[in-house]
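Enquirer: Below is the structure I would like to discuss, written out as structure tokens.
The values are calculated or read from the model by the stated rules, or taken from the named source; none is laboratory data. What you see is a predicted model; the values in this text were computed from it and never measured. So basically every Cβ, Gly included, is an ideal-geometry build from the backbone, and we count neighbours across all protein chains shown.
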Amino acid sequence: MLGAYYVRMFIGEYKHTIDSKKRVALPAKFRRELGNEVIITRGLDNCLVVYTLKEWQVMSDKLGKLPASQLEARGFARIMLAGAMAVELDSLGRILIPEYLKTYASLKKDVVVCGLYNRLEIWDSQKWEIYKENVERDVGDFASKLKELGI
């Protein structure tokens, strides 16, 4: 038992497939927390990001406060906000992935849904394996750099 201070979070890797109608099922264990509608948008490293409505409000508020006068801030806000779409979970916990997002992330049939604390990422399974191998190889270097952040 994790106790009274347990906070619901998304963690883990889950293998799924995109069906012929461009739908993917989100992990069953997350569906209650996700609710009936989520926001899906472009993520970093050519994956997709899925936010609960509550988490999307937090993220979009931050994006809206970025200085429009700075090129990088303007570009990042455009990519994240213009790429975002509200999608409903059907009775089987599936969401429809818009074609432009499917293309952005190069999603084929097999995907991996990753739980990342307050959001999910959807990766093409082959791209995820390559990405994971590269990061695992360098994790020692990353860890030493994260020490500055208290991790």
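Enquirer: Taking the criterion of being within 16 Å of the chain's Cα centre (by Cα) and of a type in the set (G, A, S), would at least one residue in region 64-72 satisfy it?
Expert: Among the residues of region 64-72, not one is within 16 Å of the chain's Cα centre (by Cα) and of a type in the set (G, A, S), which makes the answer no.
Enquirer: Determine the pairs where a residue that is assigned to a loop (DSSP other than H, G, I, E, B), located within region 7-21, has a partner that is among the acidic types (D, E) with Cβ atoms under 6 Å apart, the partner being 6 or more residues away or on another chain.
Expert: R8/E33
Enquirer: Could you say which residue among G75, G83, G35, G64 is surrounded by 14 or more Cβ atoms within 10 Å (Cβ to Cβ) and among the small types (G, A, S)?
Expert: When all the criteria are applied, what remains is G83.
Enquirer: Okay, moving on. Within region 77-86, does at least one residue satisfy the condition of being modelled with pLDDT of 95 or more and outside any loop (DSSP other than H, G, I, E, B)?
Expert: Among the residues of region 77-86, at least one is modelled with pLDDT of 95 or more and outside any loop (DSSP other than H, G, I, E, B), which makes the answer yes.
Enquirer: Within region 103-151, how many residues turn out to be under 25 Å from G83 (Cα atoms) and at pLDDT below 90?
Expert: 0
Enquirer: Looking for whichever is modelled with pLDDT of 95 or more, in a helix (DSSP H, G or I) and of a type in the set (F, W, Y) here; the options are Y100, Y51. Which one fits?
Expert: Matching residue, one of Y100, Y51: Y100.
Enquirer: What residue, among those in region 87-97 that are within 17 Å of the chain's Cα centre (by Cα) and assigned to a loop (DSSP other than H, G, I, E, B), is surrounded by the fewest Cβ atoms within 10 Å (Cβ to Cβ)?
Expert: G93
Enquirer: With the checklist (1) outside any loop (DSSP other than H, G, I, E, B); (2) in contact (Cβ under 8 Å) with a residue 60 or more places away in the chain in hand, flag the one item S106 doesn't pass.
Expert: (1)
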